[in-house]
1. Could you tell me which residue of the range 46-66 is nearest to Cys137 (Cα to Cα), considering only residues that are surrounded by fewer than 12 Cβ atoms within 10 Å (Cβ to Cβ) and among the polar types (S, T, N, Q)?
2. Which number in (1) touching a Lys or Arg at 6+ places or on another chain (Cβ under 7 Å); (2) among the small types (Gly, Ala, Ser); (3) modelled with pLDDT of 95 or more marks the one condition that Ser92 misses?
3. Might you let me know whether the range 24-39 holds any residue that is charged (D, E, K, R) and in contact with a Phe, Trp or Tyr (Cβ under 9 Å, 6 or more places away or on another chain)?
4. If you take just the strands (runs of 3 or more DSSP E) that sit entirely in the range 15-115, which of them hold at least 3 residues that are more than 20 Å from Ile153 (Cβ to Cβ)?
5. Within the range 1-20, track down each residue that is within 14 Å of Leu76 (Cβ to Cβ), aliphatic (A, V, I, L, M) and at pLDDT below 85.
6. Any residue that is surrounded by 14 or more Cβ atoms within 10 Å (Cβ to Cβ), in contact (Cβ under 8 Å) with a residue 24 or more places away in the chain and within 14 Å of the chain's Cα centre (by Cα) - is there at least one of those in the range 83-90?
7. Kindly establish whether Val43 is closer than 18 Å to Asn143 by Cβ and among the aliphatic types (A, V, I, L, M).
Amino acid sequence: MRVLPYSLELQEKIFANITKQTEKEIARKIINCFSKEGFTINVKHMFPKKPSSFYRVFCFIKKSYETVTIDAKDGLEIRIRIENKNTFDRLSEFTDSIRNQIINAKDCINFNPIECEGKVYNFVFNGNEYLKCKHICYNFCFNDISKDDLVNIIDIINGEIEYKTKMNLRRASPAVSLMFMLYLLRKQLKLPTYMYFFVLVRASPLIPDVFLYRGFIPVFSYCSHIIPSCPKFSSP
């Protein structure tokens, strides 16, 4: 299956299997939540050689995990990877349809405290505890979305964008703080300029590993010679 970049030209093909005009408009508005923020949107043509072929849209906030998938097959089907736990505290504010589809989503059947750590949705509503499977292929799946439901869907997605953006900033802040501290102590520590880049790359989880290895191997190699405690680095 080829991964295609989302475009307005591809849009009509994607929505060809959606017969209801309201559902097409719902899909456009959901995609717009990501496009206006400049996030990645990809498309896959699923089973292209079969009569049942359809397009699946992947909307990302993080590069590695899609936040929303949209299936345009026999109508509209939307899945949302919900990491913002505040969403589950507001279930009473949602429409009956959205709330029931979350509550009745696939349960985590074979829960293992070690293997499933961080991989389940655990929340309480009206005194009942729910344990849901966190794989996006199961949860949370929304069908038969009305215009009233769309308000809740957009609210959940915007909550995910805000939550994950804040998480990225929190992950970056230790690296920034460390760099600032080194800058203030630069005279006492007598660190050369390249060491600031070394510390920044090693401290920041936001910089891709491929850039870390390919872009800074010369710096790492040099540091390993002048600093005994510096680990040796080599190209993978």
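The values are calculated or read from the model by the stated rules, or taken from the named source; none is laboratory data. This one's a predicted model, so the numbers in the text were calculated from it and none came from an experiment. Because the Cβ atoms are built from the backbone with ideal geometry, glycine has one as well, and the counts that use them run over all protein chains shown.
1. In this case the residue turns out to be Ser64.
2. Answer for Ser92: the failing condition is (1).
3. Let us first name the residues in the range 24-39 that are charged (D, E, K, R), namely 24-25, 28-29, 36-37.
Now narrow it down to the ones that are in contact with a Phe, Trp or Tyr (Cβ under 9 Å, 6 or more places away or on another chain): 24, 28.
Looking through the range 24-39, at least one residue is charged (D, E, K, R) and in contact with a Phe, Trp or Tyr (Cβ under 9 Å, 6 or more places away or on another chain).
4. 41-46
5. Within the range 1-20, just Ala16 meets the criteria.
6. Yes, the conditions are met somewhere in the range 83-90.
7. no
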